[in-house]
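Peer 1: Once you've had a glance at the structure underneath, I'll fire off some questions.
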Amino acid sequence: MPPFTSSPPTRPGPRRRSLLASAAGTALLAGCSGGSDSDGTGGSPAAGARVRARAARDSERLAARYDAVIAAHPGLAARLRPLREEVVRHAEAFGGTAPAPRTSPAQASPSVSPPAAVPGNEKEALAGLAAAERELAGRRTGALADVPGELARLLASVAAAGAAHVYLLTEVDG
């Protein structure tokens with residue numbers, strides 16, 4: 001008499017659950033990746049170049065705004081310098097130039113338009129920076145569908161960093 005086995009005989013090949021799981025995974029990856037930059041999806045190269053140039057200019061202007069707040073409120077310098085340095089790295093990542101830090105409003109860079117007037121009180125100055133970061137992060141997020149995949153990933157990453165800056169700028173304990 002053959003020994004009794006409790007498991008059904010196994011069939012060669014993948015199991016149904018494995019096939020369903022791999023099909024779902026493939027669909028998710030294809031949906032998230034947005035295609036490659038070379039396949040023409042996600043916007044034209046010219047549109048990508050325009051978005052990249054604008055993103056670089058926007059980051060340069062934001063760095064100048066940080067400079068203006070630091071110059072007007074030196075007590076905020078330690079808190080704002082790391083955020084400003086990250087904004088400069090964003091400008092460089094988009095192909096812009098790193099504006100040199102300035103210590104007074106008179107040292108404005110000729111290539112970057114002057115920032116808006118800095119409020120006289122620190123809380124309002126921080127709120128103005130947070131509003132600028134929030135607006136820029138929103139604009140970058142809105143441009144994601146119009147650009148090729150790698151630029152979209154960079155925009156998304158920088159927009160997320162901007163959202164983190166908003167949190168850090170509005171944090172009460174500072």
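The values are calculated or read from the model by the stated rules, or taken from the named source; none is laboratory data. Computed from a predicted model, the values in this text were never measured in an experiment. Reconstructed Cβ throughout: ideal geometry from the backbone, glycine too, with neighbour counts over all protein chains shown.
Peer 1: With respect to Gly162, is the statement that it is farther than 19 Å from Ala46 by Cα, of a type outside the set (A, V, I, L, M, F, W, C) and touching an Asp or Glu at 6+ places or on another chain (Cβ under 9 Å) true?
Peer 2: Working: farther than 19 Å from Ala46 by Cα: yes; of a type outside the set (A, V, I, L, M, F, W, C): yes; touching an Asp or Glu at 6+ places or on another chain (Cβ under 9 Å): yes.
Taking the combined requirement at face value, the residue satisfies it.
Conditions (1) modelled with pLDDT of 95 or more; (2) part of a helix (DSSP H, G or I); (3) over 23 Å from Arg50 (Cβ atoms), marked per residue:
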residue: Leu80; (1), (2), (3): yes, yes, yes
residue: Thr97; (1), (2), (3): no, no, no
residue: Ala117; (1), (2), (3): no, no, yes
residue: Arg134; (1), (2), (3): yes, yes, no
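Peer 1: In this structure, is His90 crowded, with 16+ Cβ neighbours inside 10 Å, modelled with pLDDT of 95 or more, more than 19 Å from Ala164 (Cβ to Cβ) and not hydroxyl-bearing (Ser, Thr, Tyr)? Give the derivation first.
Peer 2: Numbers: crowded, with 16+ Cβ neighbours inside 10 Å: yes; modelled with pLDDT of 95 or more: yes; more than 19 Å from Ala164 (Cβ to Cβ): no; not hydroxyl-bearing (Ser, Thr, Tyr): yes.
Taking the combined requirement at face value, the residue does not satisfy it.
Peer 1: If you scan the stretch 82-95, which residues turn out to be outside any loop (DSSP other than H, G, I, E, B) and either in contact (Cβ under 8 Å) with a residue 40 or more places away in the chain or not basic (Lys, Arg) (or both)? First the steps, then the outcome.
Peer 2: As a first pass, look at the stretch 82-95 and keep what is outside any loop (DSSP other than H, G, I, E, B): 82-93.
Once the filter is applied, which keeps residues that are outside any loop (DSSP other than H, G, I, E, B) and either in contact (Cβ under 8 Å) with a residue 40 or more places away in the chain or not basic (Lys, Arg) (or both), the stretch 82-95 yields Pro82, Leu83, Glu85, Glu86, Val87, Val88, His90, Ala91, Glu92, Ala93.
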